[in-house]
Amino acid sequence: MKLLEVVPIIRMGKGLPDSLSYYTSHDIPCGSLVAISIQKRKLVGIVTKSSSVAEVKTAIRKKDFVIHKIDGVIGEAIIPQTTIRLLAWCVRFFLTRKNYMARAALPAYFSKPTSALKKFASSCCPMPVFSWGNESFHSRTTPLFIEASYAVRIDRYVRELAEMVRQSFDAQALIIFPTVTAAHVFFEKAKKEFPGIIAFYGNTQTEKQNAEAWKTALLGIARIFIGTRSAVFAPLPNISLIIVDGEASPYYTLWDSSPRYDARDIAEKISEVSKARLIVGDSIPREETWYRIQEGFIKYERLKHTSLHAVTFIDTKKLFRESHTTISRENYAVISPPLAEKISVTLGAKKQIFLFSGRRGLASTIICFECGYTALCPQCSTPLVVHSARDILVPRILICHKCLKREAPPTRCADCGGARLQIYGIGTERVEAEARALFPDARIIRCDSDASDDPKEIFQKIADGAYDIVIGTELALKPEYIGNFDLSAIISFYQLLQQLDFRQEERIIRTVRVLQEITNGELIVQTASNEHSLIREIESGDVDAFFKRDIVFRKSFSYPPFAELIKITVKNPIRLIVEKNALLVKKIIENELKKTRVSHNALFIVGPFPAFIQKEKNEFIYSLMLKIKEDNGIIKEMLQRTLPDFAIAEVNPKNIL
């Protein structure tokens, strides 16, 4: 008789264990897929441990629940031990649950115990021997960062893959991209260069297609495996090369649902364990990567960028002063006269223009100019964003970007009853409306998450020259599709600076660089002030000067790379309960720290404090921020063991507020 530890491939509810015990009369190896039942639900699980009942008889007697028999074996030893060990590391590093990681790492096709899955599992045998840790075709294991424009980086990746294929008959490569569009564009290019040995893994495919791609990686058929962040878990027995493109993109992190993981950290861990060569690339590095380059932990190679034109700043406040005009809602133009003139000249030359806005919608919100009241969502305590409603009777509508609640704009202030309500901020819809008024004959397209058309189709039309003016948010910055604008502009530099996060200036630098990449001519930046030091650094194109200034700020506040951040979030519909729970979490951490052998400077706790958006979907939100300066695994092990189920941990969070 055998006792099995089984991790269900499902997100189980809070309060339930992330692995369960079952028994069987057969020898079932670790990594096998088995059919199990949980509360009358038929599920699939991974066997992660097998013991004889005689060895654990004492432990079984202490269990206060009944141990059930497995329903059956779907496939023996399907999941490699390297994958099981990697998932165990992810659970410890990202402070998450085993079943959450299993659900994220394996194809969704594995989640239901069907006869088709059993047939599929039988086709995965025999599993090859994994050579992780052996000498790969490249003996170097120090990561390499490549700084170059998108087109130059892609050419370099193709050459690296060709060299790998030429030197080794079985070496495999993993290439991940931050978005499925970028991954698919590279896949289409690579499959022409390497026919028959390439596979794609992403959410544009069916569950069965992803499972088949996973199998080709496992059996060594796919020498080149391409995908988005979830592709990082691909079971590649002979992995020799890992490429992470666009490494500064936030899309490598899964931050809005569990498990909250970062594919870049996982790629680096795989490289460390397997001795595979790791290449990361972007137009400029993350500040953490830049610091590691300076310290000698990452090699650096700067390839020649495509021509990057200078950036010109337009001081909009100075324009109003020189015209002796007072800025008001009536005379404020989001497209300044100098920018409008440049757009007119570019249109006359039959060239394309890109106008970037940091926000979608018509305006950020509605504000009362008598008492300062801001229209907030009653369910989320976040400002309601003004949108065009396409309705003659109600031309505008307020929408919450968190819970999607909609309501008509107020005619009077809800606080003071005043009638001086004005829209505040600039969104893509407002830029579009002004552009259409100024240039009625121009072919204009708005490209943001509110656009109803298929984004891929829009990008293709843009690349084909179907539009004269493209207005978009970060969603539209796709150098893999577009890159032939003669003029680009950032509508409001000041609006970008308003976002409160220690990484925001770095994001702005990166946005400017991508705009330079997709622009053949001039890049205009409109700003209400010319005094910010970031403006000087952008004008000079000296990214190192920015990093050298900002790294001093980060060090003084113990931000990455000088500390690892862990944000712990607590939510509840009742404010008193969420406050009590947040204080309880802090007390638990402080009490447990006293029992550990870590210095008092190793961990600094900030909070608890109300989140920047204090309420979302009728739940109040409180956070604690942990800054870990020294960690040998003890602090994370303590957090993994003691954090209550209601506490959500996020390692190196997307934002700290």
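Only one entry in SER240, SER258, SER271 is more than 24 Å from VAL514 (Cβ to Cβ) and assigned to a loop (DSSP other than H, G, I, E, B), namely SER258. Looking at segment 575-607, which of the residues that are among the β-branched types (Val, Ile, Thr) and modelled with pLDDT of 85 or more is farthest from SER556 (Cα to Cα)? Of everything passing the filter in segment 575-607, ILE577 is farthest from SER556 (Cα to Cα). Condition first: of a type in the set (Phe, Trp, Tyr) and more than 30 Å from ALA248 (Cα to Cα). Can you find one or more residues in segment 613-620 that meet it? Looking for residues that are of a type in the set (Phe, Trp, Tyr) and more than 30 Å from ALA248 (Cα to Cα), one finds at least one in segment 613-620, hence yes. Are any of the residues in segment 629-647 touching a Ser or Thr at 6+ places or on another chain (Cβ under 7 Å), in a strand (DSSP E or B), open to solvent by 30 Å² or more (accessible area, probe 1.4 Å) and among the basic types (Lys, Arg)? The answer is no; no qualifying residue exists. The one condition from (1) farther than 16 Å from LYS567 by Cβ; (2) loosely packed, with under 15 Cβ neighbours inside 10 Å; (3) in contact (Cβ under 8 Å) with a residue 60 or more places away in the chain that GLU590 does not meet is (3).
For residues that are within 23 Å of the chain's Cα centre (by Cα) and free of Cβ contacts under 8 Å to residues at least 40 places away in the same chain, tally how many sit in segment 550-570. Show your work before the answer.
Going residue by residue through segment 550-570, those that are within 23 Å of the chain's Cα centre (by Cα) are 550-551, 554, 558-570.
Adding the requirement that they be free of Cβ contacts under 8 Å to residues at least 40 places away in the same chain leaves none.
Here the count works out to 0.
The set of residues in segment 22-33 that are open to solvent by less than 10 Å² (accessible area, probe 1.4 Å) and within 16 Å of LYS98 (Cα to Cα) comprises GLY31, SER32, LEU33. Right, PHE546: of a type in the set (Phe, Trp, Tyr), farther than 24 Å from ASP18 by Cβ and modelled with pLDDT under 90 or not? No, not satisfied. Within segment 209-234, the set of residues being under 19 Å from ALA102 (Cβ atoms) and assigned to a helix (DSSP H, G or I) comprises ASN210, ALA211, ALA213, TRP214, LYS215, ALA217, LEU218, ARG229, SER230, ALA231, VAL232, PHE233.
Which numbered condition in (1) over 23 Å from the mean Cα position of the chain (by Cα); (2) open to solvent by less than 40 Å² (accessible area, probe 1.4 Å) is the only one that PRO573 fails? The single condition PRO573 does not satisfy is (2). Those helices (runs of 4 or more DSSP H) of segment 42-119 in which 1 or more residues are at pLDDT 85 or above and more than 15 Å from SER21 (Cβ to Cβ) occupy 81-94, 98-105.
Does PHE547 meet the test of being under 23 Å from the mean Cα position of the chain (by Cα), crowded, with 20+ Cβ neighbours inside 10 Å, under 16 Å from ILE293 (Cα atoms) and in contact (Cβ under 8 Å) with a residue 40 or more places away in the chain?
Details: under 23 Å from the mean Cα position of the chain (by Cα): yes; crowded, with 20+ Cβ neighbours inside 10 Å: yes; under 16 Å from ILE293 (Cα atoms): yes; in contact (Cβ under 8 Å) with a residue 40 or more places away in the chain: yes.
Considered against the rule, which asks whether it is under 23 Å from the mean Cα position of the chain (by Cα), crowded, with 20+ Cβ neighbours inside 10 Å, under 16 Å from ILE293 (Cα atoms) and in contact (Cβ under 8 Å) with a residue 40 or more places away in the chain, PHE547 comes out as yes.
Checking each residue in segment 155-192 for being small (Gly, Ala, Ser) and not in a helix (DSSP H, G or I) picks out SER168, ALA171, ALA173. Going through (1) open to solvent by 10 Å² or more (accessible area, probe 1.4 Å); (2) within 28 Å of GLU650 (Cα to Cα); (3) in contact with a strand residue (DSSP E or B) (Cβ under 7 Å, 6 or more places away or on another chain) one by one, SER258 falls short only on (3).
Note on segment 377-425: among residues that are part of a loop (DSSP other than H, G, I, E, B) and among the basic types (Lys, Arg), the one that is most open to solvent (accessible area, probe 1.4 Å) is ARG390. Among the residues of segment 426-439, those identified as open to solvent by less than 20 Å² (accessible area, probe 1.4 Å) and either small (Gly, Ala, Ser) or more than 23 Å from ASP450 (Cα to Cα) (or both) are GLY427, ALA435. The residues of segment 208-234 that are in contact with a helix residue (DSSP H, G or I) (Cβ under 9 Å, 6 or more places away or on another chain) and among the β-branched types (Val, Ile, Thr), listed by number, are ILE221, ILE224, ILE226, THR228, VAL232. Step by step: first the residues of segment 163-184, then only those that are open to solvent by 40 Å² or more (accessible area, probe 1.4 Å) and of a type outside the set (D, E, K, R), then the one that is nearest to SER249 (Cα to Cα). Which residue is that? My answer is HIS184.
Within segment 444-495, being aromatic (Phe, Trp, Tyr) and open to solvent by less than 30 Å² (accessible area, probe 1.4 Å) holds for PHE459, PHE485, PHE493. PRO610 meets each of the listed conditions (1) open to solvent by 40 Å² or more (accessible area, probe 1.4 Å); (2) under 25 Å from LYS555 (Cβ atoms); (3) part of a strand (DSSP E or B); (4) not hydroxyl-bearing (Ser, Thr, Tyr) apart from (2).
The values are calculated or read from the model by the stated rules, or taken from the named source; none is laboratory data. Fair warning: this is a prediction, and the values are worked out from it, not measured in the lab. Cβ atoms come from the backbone with ideal geometry, glycine included; neighbour counts cover every protein chain shown. What goes into the accessible areas is simple: the full protein's heavy atoms, side chains included, and nothing from ligands, DNA or RNA. Shrake-Rupley method; radii C 1.70, N 1.55, O 1.52, S 1.80 Å.
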